[in-house]
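Read the structure below first, then the notes.
No value in this document is a laboratory result; all are computed from the given coordinates. Please read these numbers as outputs of a predicted model, since none were measured by experiment. Note that each Cβ is placed from the backbone with ideal geometry, even for glycine, and that neighbours are counted across all protein chains shown.
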Amino acid sequence: MKLLDILKFSEEYLKKYSFSKPRLESEKIISHVLNLDRITLYAYFDTELTLDQKEKIKNYLKAMARNRVNFESLPKEEKKVSEEKDYTLENRELLQKSIEYLAKNNVQDSKLDAEYIFAHVLKVKRTILSMNLRKEITAKEKEEIKNLLYKRAKDKKPLQYLLGEWEFYGYPFKVDERVLIPRADTEILVEQCKFILNEIEKPKVLDIGTGSGAIAITIAKEIPSSIVLGADISSDALEVAVQNREINGVENNLKFIKSDVFSSIKDIDYDMIISNPPYIPQEEYEELMPEVKIHEPQRALTDNGDGYYFYKKISEEAPKYLKVGGYLAFEVGYNQAQEVSELMRKSNFEILAIVKDYSGIERVVIGRKSGEESVNKIS
């Protein structure tokens, strides 16, 4: 846009906000930005303004409208902000190049990952990243972005590990290569368990294979009256779980214990046992994408067999630790729901529900220990 076009635009903009002399105010703004005397302004009517100059004029107009004052009365702090260089275009170009770099290196969701990395380094939420690209990205921040992009593209390190944290069920969780990354599908397991636990006064819950503590912590947060125990064989995983317990403030009703399945469990009066065990068959594990196979803990992904070892073991032993009428809830892998259901039936569990995930895959199986009349089944 040329100077005369900008002048007309500015005048119309100020008219909308009922400025008494919009033309005069527009001339003052533009002459100030171009460092020209107002009386000589029209001699340059055909001048093409730079993007930076147009952005400064726009910022002044917004500040005047916001403060309902003319240009000369504009607060000093507002003038300072308006006069600062706007790096939006430069930063957007850097972001776009980052997206393209990830895409060339076969990173799925390259746009999403790049935005998360930028937001992490700039310390803003990804959802408002576009509104925070005006300020200069420092050399140090650019270097950090570059390093994270390289690790994501070349080392195939999962985004969640790069960021060091991830959200599950709306709560923050620290994650690193000691634990599995919490998945959205597991939220379905938590949601279904909540339906049942909300009907029990002070429910007692055991989470086997707790990992980062995502399931146990979320249950403890969502149902404050509950008493929850998270068990895992990995000392490293339990260290992360304890940190997440502190982050989410559920020390009062949640404990963690090192245990190989039920080996260290003493109580036999649980209302519910929940587990998202290692269920990927060994042959499928070998074909996993590098982000998962290289970086996530193998023992939390596969049982090194057919994927059913832990379902069978937990189903057989769980009745000893559950009250009569207590519940057993599993997350299951693709095409495993029917076989897991049969394993549970053999251990005297009545199958109450098989729940599909967001992709239509049967993802959750919930059973009830026999010995009491069935309650209403989950839809």
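In percent, rounded to a whole number, the relative contact order of the stretch 88-155 is 40, using alpha-carbon pairs under 8 Å and six or more apart.
Between K266 and K104, what is the FRET efficiency for a Förster distance of 56 Å, r being their Cβ-Cβ separation, to the nearest 0.05? The partial results should precede the final answer.
Numbers: r = 55 Å, r/R0 = 0.97.
The formula returns an efficiency of 0.55 here.
Across every direction, the projection of the convex hull enclosing the Cα atoms of the chain has a mean area of 24.9 nm².
Taken along the Cα-to-beta-carbon direction at a fixed 7 Å, the label points for F9 and V242 span 6.0 nm.
What's the local net charge at S347, with K and R +1, D and E -1, over the other residues with C-beta under 13 Å away?
Numbers: positive: K312, K313, K320, R345, K346, R368, K369; negative: E316, E317, E342, E350.
In short, +3.
Per residue of the chain, what 222 nm ellipticity follows from adding -39500 (n - 2.57) for every DSSP H run with n ≥ 4, rounded to the nearest 500? Result for the chain: -14000 deg cm²/dmol, rounded to the nearest 500. Ordering V190, L159, L206 by the projection of their Cα atoms onto the charge dipole of the stretch 156-208, which places +1 on the Cβ of Lys and Arg and -1 on the Cβ of Asp and Glu, puts L159 at the extreme positive end. On a 0 to 90° scale, report how tilted helix 22-34 is relative to the longest principal axis of the chain, with both axes built from alpha carbons and the result rounded to the nearest 10. Relative to the chain, helix 22-34 is tipped by roughly 80 degrees. Extension gain for L24 to S130 (0.36 nm times residue separation, less C-alpha to C-alpha distance): 34.8 nm. Among the listed pairs K221/K320; K123/K174; K85/K140; K104/K293; K15/K85; K202/K313, give every one whose C-alpha distance is greater than 24 Å. Over 24 Å apart, Cα to Cα: K221/K320; K15/K85; K202/K313.
Scale the Cα Rg of the stretch 21-154 by the rule-of-thumb value 2.2 N^0.38 Å and send over the ratio, two decimals. Kindly include the intermediate steps, with their values, before the conclusion.
Details: Rg = 19.4 Å, N = 134, 2.2 N^0.38 = 14.1 Å.
It is 1.37.
Over all pairs of different C-alpha atoms, the stretch 226-305 has a mean inverse distance whose reciprocal, the Kirkwood radius, equals 14.5 Å. Quick check: from the Cα gyration tensor, does the stretch 24-63 come out rounded (a/c under 1.5), prolate or oblate? It comes out oblate by the Cα gyration axes.
Most simply put, the stretch 247-368 has about 65% antiparallel DSSP beta bridges, counting only bridges with both residues inside it. Spacing of the modelled spin labels on K76 and E317, each 7 Å from Cα toward Cβ, amounts to 7.2 nm.
With axes computed from alpha carbons, what is the tilt in degrees of helix 139-153 against the longest principal axis of the chain, rounded to the nearest 10 within 0 to 90? Its long axis makes an angle of about 40 degrees.
Which of the pairs K125/K156; K97/K156; K323/K356; K156/K258; K204/K258 have their Cα atoms more than 20 Å apart in this structure? K125/K156; K323/K356; K156/K258, as the Cα separations exceed 20 Å there. Averaging 1/r across all pairs of distinct Cα atoms in the stretch 88-155 and inverting the result yields a Kirkwood radius of 11.8 Å.
For the chain, give the share of DSSP beta bridges that are antiparallel, in percent and rounded to the nearest 5; count only bridges with both residues there. Mind dumping the intermediate values first?
Working: 17 of 37 bridges.
Roughly 45 percent of the DSSP beta bridges within the chain come out antiparallel.
What the Cα convex hull of the stretch 169-369 gives, in volume per residue, is 108 Å³.
In the stretch 169-369, Cα pairs under 8 Å separated by at least six residues give a relative contact order of 20 percent. Taking the C-alpha atoms only, the angle from helix 3-16 to the longest principal axis of the chain is near 70 degrees.
Per the Kirkwood formula on distinct C-alpha pairs, the Rh of the stretch 3-83 is how many angstrom? All intermediate terms of the calculation are to be shown ahead of the outcome.
Details: mean 1/r = 0.0800 Å⁻¹.
Roughly 12.5 Å, rounded to one decimal.
Each Lys and Arg Cβ is given +1 and each Asp and Glu Cβ -1; about its Cα centre, the chain then shows a dipole of about 1540 debye.
What's the FRET efficiency of E201 with Y334 using the Cβ-Cβ distance as r and R₀ = 35 Å, to the nearest 0.05? List each step's numbers first, then the result.
On the way: r = 37 Å, r/R0 = 1.05.
With a Förster radius of 35 Å, E is 0.45.
Can you tell me the FRET efficiency between S359 and A65 if r is taken as the Cβ-Cβ distance and R0 is 45 Å, rounded to the nearest 0.05? Once rounded, the FRET efficiency stands at 0.40.
Ignoring lysines fewer than eight residues from K2 along the same chain, the ones with Cα atoms less than 16 angstrom from its Cα are K54, K56, K58.
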